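So the structure is just underneath, and the comments pick up after that.
The values are calculated or read from the model by the stated rules, or taken from the named source; none is laboratory data. A quick note: this is a predicted structure, and the numbers were derived from the prediction, not measured. For neighbour counting, all protein chains shown are included, and Cβ atoms are generated from backbone atoms with ideal geometry for every residue, glycine included. For accessibility, only protein heavy atoms count, side chains too; no ligands or nucleic acids. Shrake-Rupley method; radii C 1.70, N 1.55, O 1.52, S 1.80 Å.
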Amino acid sequence: MNRKKVTALLALTVLLLVSCDKKQLEPESKEVFGTICTVNLYENGTEKLYAKIFDKLNEIERDFDSAETKEYENAKRFFQLNNEMKKYSAIKGCAIEAIKTITRKSHVRRMMVNLDGKVYVAGTKQDKSPWKIGLKNPANPSGISIAVLTGLSDISVMTKAEFNEDASKLKKYPSVTIISTDTIFADAYSSYIFDFLNNSAESDATSRRDSTPEEKIAEICEKLRKMEVKMIIIDSEGKIYASKALEGYLGSEFDDYQIVFM
C-alpha cells in the first residue's frame, strides 16, 4: 500500500472516531419504562455517551424482573405496611443511579435527568444559577407547578403521584416526594409513604379515630430528618407539608397554597 493510501486511511479512521463521539448540545429524550426520559448532559453530552445511557436503561427495563438477573435486587426494598412486609421496586431509581454511574466515569459535572417526574440534578444550570424543580398540582397535571424547589444539587427528587382533574376522585395524599442522595431509597420510599398515608387515611375514616394528618406527617419528617432525607406531601386540597429543612428551598407559586414546614 502506497504512502498516499495509508495517509488517506488514517485520516478516514480519525474522522470515524471523532464522528462516533460527536458533541450533542441538545438533551436526549426517549421512551423507556412506558414513559419519556429526558437526559441533559450540557457541554459534556456526546452522541456516544447518550447512546450508552439509553442502552443501559433498555437493559434495566428488559432484565429488572428477570429471575436470572440478580444485579437489580438492591433496587427492591421491603417496608412494613399494615403489619405485613411489602416489597417496593424502585426501577426508575435504579435507572437514575445507573445514569449517575455512567456520567461519573465520564466526568460529567452538570446534568439533569427527568424520568416521569423523578428528577436528578448535578452541578448548576449553564448560567450558574441554581436548579428549579417544580411540583405539580395532582388535580391539574397540565397546569403550572404549585410549588418550586430551588438551590438543590447532586440530589434526587423522587415523586410518587396520582393525578386526576376531578379533585373528588383524588386520594387524600395524591403526591409524595422524597429528596435524598440515595435515589433508589427515595424512589421506593416515596411509593411506600404514598401507600402508608392513604391507607391510614382510609382506616381513620372508617374507624373514626381521632388523629390528624399533621401528626402522622410530622412523625415521618422527624424520622427522615435523622436520616438526612427530606419530604414533601401535597394533599387533595392543595395543602403542602414539607420537612423543616426545606425552608428557604421550597416556595409556593400561589398565595392560596399554604406550605406547612414540619
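Relative contact order of the range 144-191, taken over Cα pairs closer than 8 Å and 6 or more residues apart, is 41 percent. Going Cα to Cα from Lys86, which aspartates and glutamates come in below 19 Å? Please leave out same-chain ones fewer than 8 positions away. Partners found: Asp65, Glu73, Asp187, Asp195, Glu202.
Per atom type, the range 33-191 shows carbon and sulfur on 46% of its accessible surface, probed at 1.4 Å. With R₀ set to 45 Å, the beta-carbon distance separating Ser252 from Lys105 gives a calculated FRET efficiency near 0.70.
For the chain, relative contact order (Cα pairs under 8 Å, six or more residues apart, normalised by length) works out to 14 percent.
Taking all Cα pairs closer than 8 Å and separated by 6 or more residues, the relative contact order of the range 59-145 comes to 14 percent. Label sites at Phe79 and Val260, each approximated as a point 7 angstrom past Cα along Cα to Cβ, lie 2.0 nm apart. Taking Lys30 as the anchor, which lysines have their alpha carbon closer than 24 Å to its alpha carbon, excluding any fewer than eight residues away along the same chain? Filter leaves Lys22, Lys48, Lys52, Lys56, Lys92, Lys100, Lys105, Lys118, Lys125, Lys132, Lys136, Lys160.
Given R0 = 22 Å, the distance between the Cβ atoms of Glu59 and Ser145 translates into a calculated FRET efficiency of 0.10. Remark: the range 64-158 carries 52 Å² of accessible area per residue (probe radius 1.4 Å; ligands, DNA and RNA excluded).
Considering only Lys128, Lys239, Lys22, the Gaussian network model of the chain with Cα springs below 10 Å gives its largest mean-square fluctuation to Lys128. A Cβ-based charge dipole, computed about the Cα centre of the range 109-201 with Lys and Arg at +1 and Asp and Glu at -1, lands at about 280 debye.
Highest-first packing order for the peptide set 148-159, 132-143 is 148-159, 132-143, based on the mean count of other beta carbon atoms within 10 Å. This model, with +1 at the C-beta of Lys and Arg and -1 at the C-beta of Asp and Glu, gives the range 78-142 a dipole about its Cα centre of some 300 debye. For the pair Glu237 and Lys125 in one chain, pulling the backbone fully straight at 0.36 nm per residue adds 37.0 nm over the alpha carbon distance. Here the sum of -39500 (n - 2.57) over DSSP H runs of 4 or more residues, divided by the residues of the chain, equals -11500 deg cm²/dmol at 222 nm, to the nearest 500. Could you check which residue among Arg225, Arg62, Arg109 shows the biggest mean-square fluctuation in a GNM of the chain with a 10 Å Cα cutoff? Its mean-square fluctuation being the largest, the pick is Arg62. Relative to the Cα centre, the charge distribution of the range 15-156, modelled as +1 at Lys and Arg Cβ and -1 at Asp and Glu Cβ, gives a dipole magnitude of about 480 debye.
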